[in-house]
Each structure stands twice: as C-alpha cells, then as structure tokens.
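Since the structure comes first, as structure tokens, the remarks are kept for the end.
The values are calculated or read from the model by the stated rules, or taken from the named source; none is laboratory data. Because the structure is a prediction, the values reported are computed rather than measured. All Cβ positions, even for glycine, are placed from backbone atoms using ideal geometry, and neighbour counts span all protein chains on display. When the accessible area is computed, the model is the full protein with side chains, heavy atoms only, and any ligands, DNA or RNA have been set aside. Shrake-Rupley method; radii C 1.70, N 1.55, O 1.52, S 1.80 Å.
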Amino acid sequence: MASNEDSHQVSARESSKAALKTPKASVHTPTQNNSAFPVVYLVYVRRCLPVQGTRDYHPDQMAVREQVFDVIKSCFKRHGAVTIDTPVFELKETLLGKYGEDSKLIYDLADQGGEQLSLRYDLTVPFARYVAMNKLKNIKRYHIARVYRRDNPAMTKGRYREFYQCDFDIAGDYDPLLPDAECVKIMTEILTDLPLGDFVVKINHRRLLDGIFAACGVPHEKFRPVCSAVDKLDKVAHEHCCNLLWSMRYLFSAIAGMEGREKGDG
C-alpha cells in the first residue's frame, strides 16, 4: 500500500510531464520591494518550435539586418525613389493567373465575409494593382517586406515559406533602357556599399540577346528557341547547349561570322 509521501511524488512527476506538453508563463508580483510591475517567469517546454519554413531572428542578427536595410534604403532614396506599403493579403483573383505554374504556391485564406483572400506571393503584383488603382503615370518606388510561399521548405538551401523581398521598380514612360541602366547602377552601388568583397553583375536582357542573335544571323522567328537553348547554359552541361545550337545550325553561322570579322580586321 502506497504511503501519502509516495502518492505525492507520483503526482508531482505527472504534473511535471503535463507542464512539458503545454507552454505557459507564470506572473508573480514581488512584495519585498515597492515595484508595481509584475515579474514574468517563462517556463520553457518541449516542442516550442517555429513553424516549418520560418525562423526566429536574434537581436544580433536583427542588428545586422537593420544595417543592411539602411544601406539599401539610402541608395534607393539617393535615386529619388519613394516607398509604399500594401496589405499582406490581396483578393485571390488579383493574384491568380499572374505566376503560371507557381500559382499553386499561393497561400489561400479562409473565407472572411464573402471575400476570397490570399497572402501575397511577391511585391510586384500588389504594386501593379496599386499603380492601376491610383492611376499613376510615373513612379519610382521601393518596397521591402515579407512575402509568403506555400512551398516545401528547405532551410539549408534558403527556401523559406516566409521571407523578405526587396523590390525597386520604375513604372511609367521613360527613355528606352534608361530605367534598366539605373537598376543595374543601383545594384552595383548597394553591393559596393556593403562589405561583401568583389562581385560580378551578370545581365540577362532579352533585347540584348535579340541583338546578339540578329548579329549572328538567327532569323527573327527563331529567336525564342535559340534563347531557350542559351538559357540552359547555367543548368546543363555546356557541351549539351552547344550541340543543341549546332543542331539548329545557328552556332555555325555565328562562328563563321565571327571568324569572318576577325579575318577582315586582320
């Protein structure tokens, strides 16, 4: 027959196990001093983890982030940009059809008052909605905020469900390619101001590619297939891309044209 002391020890163990299942905080108001503020004692429990695909940021990490954001925002402001803010969720119909196959990664929210809503997938579509709604003719804006993806998280690869995007957009009527050049200029200024070391900026611009294809003798109606082959250069073996272009007989024309120019220069 168990004694009262044994029963008390069993109850204490069961209470400890129950406390590990549910997080809680106890509040105690000190009586030995004149402080009117309660002291909160946090009880740490098992399974107290953030949602998969998200993470917490510690004070030292936040300090670094704020410094980086300050550098980025200062550069944007030097170039005359203004900032806006848009809701974290949009009408579902505003977002659908804008991302192709990636539309399946949009977070849908429960129906609230008859409106079908979704968390924003990026900052570009909300900005387009903002420009159209306000009938803006010209704006240079930046926006740094969280976006959401209903994706399979891979934390080690940097694939999160919630993360920050940094957008800089120039909308309106401007001289050709000037906004494009300014965006590249802004990017180089930011990377220079941040202590990241040496860097290389690679430009993938459809108009530049089209000009190169035209100089190589590629017929205009074949620009897209050739462009698709070139886009695979960083995804598959270089020889595979060369063989693909060779099979279309555009690489040979390009090489012949380059050799002809070299001989002419000589």
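So the values come out like this:
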item: Residues being part of a loop (DSSP other than H, G, I, E, B) and either among the acidic types (Asp, Glu) or open to solvent by less than 40 Å² (accessible area, probe 1.4 Å) (or both) - total across the stretch 154-178; result: 2
item: Members of the stretch 69-124 found to be part of a loop (DSSP other than H, G, I, E, B), open to solvent by 60 Å² or more (accessible area, probe 1.4 Å) and of a type in the set (Asp, Glu), listed by number; result: 85, 111
item: Qualifying residue in the stretch 54-64 (condition: out of contact with any Lys or Arg (no Cβ under 9 Å at 6 or more places or on another chain) and within 23 Å of residue 187 (Cβ to Cβ)); result: yes
item: Filter result (modelled with pLDDT of 65 or more, touching a Pro at 6+ places or on another chain (Cβ under 8 Å) and open to solvent by less than 100 Å² (accessible area, probe 1.4 Å)) within the stretch 39-53; result: 48, 53
item: Meets criteria (among the acidic types (Asp, Glu), at pLDDT 90 or above and open to solvent by 60 Å² or more (accessible area, probe 1.4 Å)) for residue 14; result: no
item: Condition broken by residue 218, with the remaining ones in (1) at pLDDT 70 or above; (2) surrounded by fewer than 13 Cβ atoms within 10 Å (Cβ to Cβ); (3) of a type in the set (A, V, I, L, M, F, W, C); (4) over 30 Å from residue 104 (Cβ atoms) satisfied; result: (2)
item: Single residue of the stretch 135-150 satisfying the filter (assigned to a loop (DSSP other than H, G, I, E, B) and surrounded by 14 or more Cβ atoms within 10 Å (Cβ to Cβ)) that is farthest from the chain's Cα centre (by Cα); result: 150
